[in-house]
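First up is the structure itself, then whatever we jot down about it.
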Amino acid sequence: MPSLVAIRLLVLVLGLCSLRVAGQGRSTPATCSPLCRCDEDGGADCSGKGLSTVPAGLSAFTYYLDLSMNNITELPANVFKNLPYLEELRLAGNDLVFIHPEALSGLYQLKVLMLQNNQLKTVPSAALKNLHALQSLRLDANHITVVPGDSFEGLQQLRHLWLDDNSLTEVPVGPLQHQGNLQALTLALNRITHIPDNAFANLSSLVVLHLHNNRIQEIGKNCFNGLDNLETLDLNFNNLKSFPEAIQTLPKLKELGFHSNNIAIIPEGAFHKNPLLRTVHLYDNPLSFVGRSAFQNLSDLHSLMLRGATLVQDFPSLTGTGNLESLTLTGTKIRAIPEDLCEDLSVLRTLDLSYNEIEELPSFQGCVSLQDVTVQHNRVQQIDRDTFQGLTSLRVLDLSRNQIKFIHRDAFLSLSALTNLDLSMNFLASVPTAGLNALNQLKLVGNPDMKNSLTAKSLPKLRSISVPYAYQCCAFMTCDSTHSSPESEEKRKDLGGDEEMERVPLVMHCSPSPGAFKPCAHLLGSWMIRLTVWFICLVALLFNCLVLAASFSPRASPLSPARLLVALLASSNLLTGLYVAALTLLDVVTWGSFATYGVRWETGAGCQALGVLAVFSSEWAVLLLPLAAVERSLAVRALMGKAGILRGGGGERREGRKRFGLAAALLGLLAVVAAFLSLYHGSAGGSPLCLPFSEGPGPGLGVTVALVLLNTLAYLLSAVVYTRLYCSLGRARLADPEQAGSVRHVAWLIFTNCIFFCPVAAFSFAPLLAGAGNAAGGPEMAKSVTLIFFPLSACLNPVLYVCFNPAFRHDWLRLRGRGMGGACDGRNGKAVAVGTGSGGSSRAGESGGSRQETGELGYECGMYTQLCEHCEAALLARTSSSSASSSSSSSACRHLVKSHSCPALAGGEAPCPRAEGCWADSGTLWAQSEYADEGDSFVSDSSEQVQACGRACFCQSRGLPLVHYSYNIPRVKD
């Protein structure tokens with residue numbers, strides 16, 4: 001006996017040692033392929049190595065092998081014969097097209113086989129038949145079209161089978177008939193069109209069945225027979241035309257999905273034989289009818305989703321669904337919600353009634369567990385006091401895109417847990433904040449009537465808010481989010497005054513955020529911009545008023561087309577000056593608190609009227625420039641003898657003035673249309689500057705671009721006309737200084753206005769370019785450019801006229817009553833000249849310096865006195881008769897009188913004795929067309945002395961006063 005016991009103990013010790021050695025050998029593989037990564041537990045990862053064959057050298061104790069994502073195209077026989085302990089084999093993502101029948105032989109312990117994402121065209125049934133321990137088989141994402149009848153014969157332990165994403169056209173009924181242990185089957189993403197009766201009759205253990213994304217049009221009424229334990233059925237994304245009544249044979253069904261089909265009717269009592277249903281997805285079906293009793297008595301129903309039933313008008317009855325936690329009814333024509341809804345849904349947590357036609361909300365007082373309510377895109381007009389009363393658990397409330405005009409001031413009083421509130425896109429004028437102490441996010445954008453400023457004090461925990469207007473963000477940007485209230489300080493002291501509590505600064509986000517065009521404090525921003533704008537405003541108002549006063553004074557001569565255009569340009573520039581003056585006054589009135597008035601200013605009639613005024617004045621001024629260029633071109637051509645539009649009689653000149661006046665009126669009408677077009681879609685109210693600048697793509701940007709293109713066309717036309725004018729002149733010089741000054745004046749106008757227009761146009765197109773805001777300097781630069789360069793032309797245009805156009809000097813002297821300072825005194829040829837201190841100064845001018853200071857300077861025409869007498873006789877003879885002798889007698893003075901004019905008479909003097917006795921330019925008295933023939937050159941080739949005395953001769957002959965510049969006064973010796 002002792003020997004027998006000793007032998008037994010020896011055998012036991014040897015067995016334990018052998019087991020220990022075996023365990024050590026398995027936990028620490030002796031070898032590993034250099035192409036793989038092996039771990040101590042017997043796993044080998046050879047994935048993504050570009051292998052074309054199974055690597056050799058793996059330990060015999062390997063239980064996990066990953067060969068996925070390689071280039072293996074076939075598995076030869078007995079390739080895994082040295083891996084008897086292998087339990088999981090992954091061959092996914094290769095290019096497998098062939099598996100030898102003996103390739104998997106010897107893998108008696110294999111439980112998981114993954115063959116998905118390969119090029120298999122059929123199930124490798126011969127290779128699978130000896131895998132008796134296999135529990136999970138993945139054959140999805142291949143090109144399998146046929147499943148042989150004996151494919152799964154030996155797989156009695158199979159639990160999960162994936163055949164989805166293949167090319168199957170029918171359910172493999174035969175191969176599945178012996179799989180009594182199968183629990184999950186996936187046949188989705190195939191081409192199955194029909195499910196026959198008893199297709200799954202022997203799958204009594206099946207729990208999950210996926211048939212989604214097929215082409216199923218109809219299913220047999222008994223197709224689900226035998227699926228006594230089925231809990232999940234997925235029929236989504238098919239072509240079912242009728243409700244699948246076969247589900248009534250599924251007593252344990254818990255999750256049902258058949259959304260995105262063509263089902264039109266949900267019959268009465270549709271689910272009365274599925275009492276365990278927890279989730280139903282019916283959305284995206286063209287439902288026209290849902291039986292009121294379809295969802296009754298589903299006591300376990302937790303989620304119901306009915307979306308896109310565009311023809312459903314009645315709210316379904318939910319009696320007996322006391323455990324419903326999520327209800328989604330969207331995209332229907334439901335107009336009313338049952339008053340007793342919350343009596344049946346006491347545990348409801350999520351309610352989504354979006355995109356319906358609901359006009360009135362009942363009281364949700366009984367739904368005490370509600371946490372998320374969404375009623376967006378309906379027709380709700382008001383929120384009563386008891387609508388959300390008692391919902392202490394409500395966290396999210398979405399009432400956006402309704403027609404809400406009124407919310408009771410205590411409507412949110414009991415919503416102590418509310419953190420997200422969306423009231424955007426309504427017609428609210430104010431929002432009650434009582435009870436919103438826990439609110440973190442508030443959306444109010446799209447309420448144009450909400451113009452009052454909000455206060456941050458009533459929303460202490462608010463961290464994100466979107467408001468209708470950027471100015472309303474100013475109240476939230478100034479609050480200190482790290483500031484602790486006295487109550488919190490008291491609590492901190494109670495908890496321990498000596499301990500420092502960590503406080504994390506919270507960031508407030510408000511949109512749309514204020515900026516350069518939406519200022520919180522000052523409209524004009526920095527002092528540099530403000531002073532520049534003030535200067536532009538004062539100069540524009542002063543000089544434009546000066547030009548208008550000189551042009552329309554009773555003492556001024558009749559308006560020629562050129563002076564008429566100058567006066568109209570000054571009028572439009574004066575309106576621009578008034579626009580800038582209004583902005584400066586607004587900046588002063590709202591000093592330091594522009595955000596308080598910004599909303600009402602932008603949306604008010606005042607800003608719209610000011611915007612119309614600004615656009616009208618700017619556009620009219622720009623459109624007048626090509627008209628002025630055309631007028632100067634015609635006038636110069638007439639003087640050069642190339643056109644006769646201004647050389648005719650007084651009637652033709654008056655007709656020309658009418659034509660230019662009519663053209664200016666038509667351009668003004670076009671400017672009016674452009675100004676009112678800027679109001680289209682509120683494009684003129686986008687900023688407090690009231691100009692049609694847009695911050696992004698939209699109708700406002702289209703209006704801005706159209707105006708910029710119109711202005712560009714006007715400048716191009718002006719440039720083309722003036723280029724041709726200068727090319728035709730060549731090196732010739734106009735003798736009349738007033739005509740030459742007008743030509744230079746319009747040239748300067750075109751050049752300067754175009755220069756000032758370029759930066760404004762560049763920032764107008766900036767929103768069309770990605771990242772243009774940063775590239776161009778941002779909103780601050782855009783605002784500065786707009787405030788300075790937009791009105792700058794209105795400031796500089798009258799300055800150019802006053803400084804460079806001789807016509808203004810004459811008009812200004814007449815306005816001061818000094819235009820009749822002297823006349824030729826009979827035959828002595830004495831005249832009074834207005835000194836300019838420039839030009840050809842003479843000894844007479846130098847010797848008569850004292851007289852020049854008083855505005856008088858006498859001179860003697862000298863040897864030209866006899867010519868003056870001859871001219872007088874010739875003029876008298878020409879007046880009395882038109883004989884050839886008188887014409888020849890006057891030829892001697894043609895050279896003297898051509899292209900010279902006498903200044904207009906000052907107030908109080910006798911007017912021109914006849915209509916044709918006035919010059920064609922600037923309304924001054926004239927004799928050119930009467931005393932010069934067409935063969936004469938109208939460019940002066942005589943000296944200044946000859947010009948001056950010639951003008952004196954003509955004035956003497958008519959008894960008219962003479963006023964001229966000192967540099968034209970001849971020397972006494974001449």
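Going residue by residue through the range 324-332, is there one that turns out to be under 34 Å from the mean Cα position of the chain (by Cα) and either within 24 Å of S466 (Cβ to Cβ) or of a type in the set (K, R) (or both)? Reasoning before the result, please.
At the first step, the residues of the range 324-332 found to be under 34 Å from the mean Cα position of the chain (by Cα) are 328-332.
Remaining after also requiring either within 24 Å of S466 (Cβ to Cβ) or of a type in the set (K, R) (or both): 330.
The answer is yes, given that some residue of the range 324-332 is under 34 Å from the mean Cα position of the chain (by Cα) and either within 24 Å of S466 (Cβ to Cβ) or of a type in the set (K, R) (or both).
Would you call A562 more than 17 Å from A621 (Cα to Cα), more than 43 Å from the chain's Cα centre (by Cα) and touching a residue at least 40 places away in the same chain (Cβ under 8 Å)? Show your work before the answer.
Working: more than 17 Å from A621 (Cα to Cα): no; more than 43 Å from the chain's Cα centre (by Cα): yes; touching a residue at least 40 places away in the same chain (Cβ under 8 Å): yes.
Criteria not met by A562.
Could you name every one of the helices (runs of 4 or more DSSP H) located completely within the range 672-782 that has at least 1 residues being assigned by TED's automatic domain parsing to the domain that holds V599, hydroxyl-bearing (S, T, Y) and at pLDDT 75 or above? So that I can check it myself, show each step before the final result.
Working: elements: 699-729, 737-765, 772-775.
So the answer is 699-729, 737-765.
Can we say S125 is of a type in the set (G, A, S) and touching a Ser or Thr at 6+ places or on another chain (Cβ under 6 Å)?
Numbers: of a type in the set (G, A, S): yes; touching a Ser or Thr at 6+ places or on another chain (Cβ under 6 Å): yes.
Yes; evaluated as a whole, the condition is true for this residue.
Give the residues of the range 229-271 that are closer than 25 Å to T310 by Cα and out of contact with any strand residue (DSSP E or B) (no Cβ under 8 Å at 6 or more places or on another chain), sorted by residue number.
F237, N238, N239, E245, S260, N261, N262, I263, P267, E268, G269, A270 - these are the residues of the range 229-271 that are closer than 25 Å to T310 by Cα and out of contact with any strand residue (DSSP E or B) (no Cβ under 8 Å at 6 or more places or on another chain).
Find all pairs meeting these conditions: Cβ atoms under 6 angstrom apart; at least six residues apart or on different chains; first residue within the range 750-765 and within 15 Å of L796 (Cβ to Cβ); second residue β-branched (V, I, T) and assigned to a helix (DSSP H, G or I).
Correct list of pairs: P759/V785.
Do we have any residue at all in the range 333-350 that's at pLDDT 90 or above, crowded, with 22+ Cβ neighbours inside 10 Å and under 19 Å from H259 (Cβ atoms)?
Among the residues of the range 333-350, not one is at pLDDT 90 or above, crowded, with 22+ Cβ neighbours inside 10 Å and under 19 Å from H259 (Cβ atoms), which makes the answer no.
So, in the range 391-407, of the ones that are surrounded by fewer than 16 Cβ atoms within 10 Å (Cβ to Cβ) and not hydroxyl-bearing (S, T, Y), which residue ends up nearest to P432 (Cα to Cα)?
Applying the filter and picking the extreme gives F406.
Can you name every residue in the range 62-96 that is assigned to a loop (DSSP other than H, G, I, E, B), over 19 Å from K121 (Cα atoms) and touching a strand residue (DSSP E or B) at 6+ places or on another chain (Cβ under 9 Å)?
T62, Y63, L67, F80, L83, L86, E87, listed by residue number.
Scan the range 383-422 residue by residue and report those that are under 17 Å from D352 (Cβ atoms) and under 26 Å from the mean Cα position of the chain (by Cα).
Residues satisfying the conditions are D398, L399, S400, R401, N402, L421, D422.
The values are calculated or read from the model by the stated rules, or taken from the named source; none is laboratory data. Note that the structure is a prediction, hence the values are computed from the model and not measured. Heads up, the Cβs are rebuilt from the backbone with ideal geometry, glycines too, and the neighbour counts pull from every protein chain shown.
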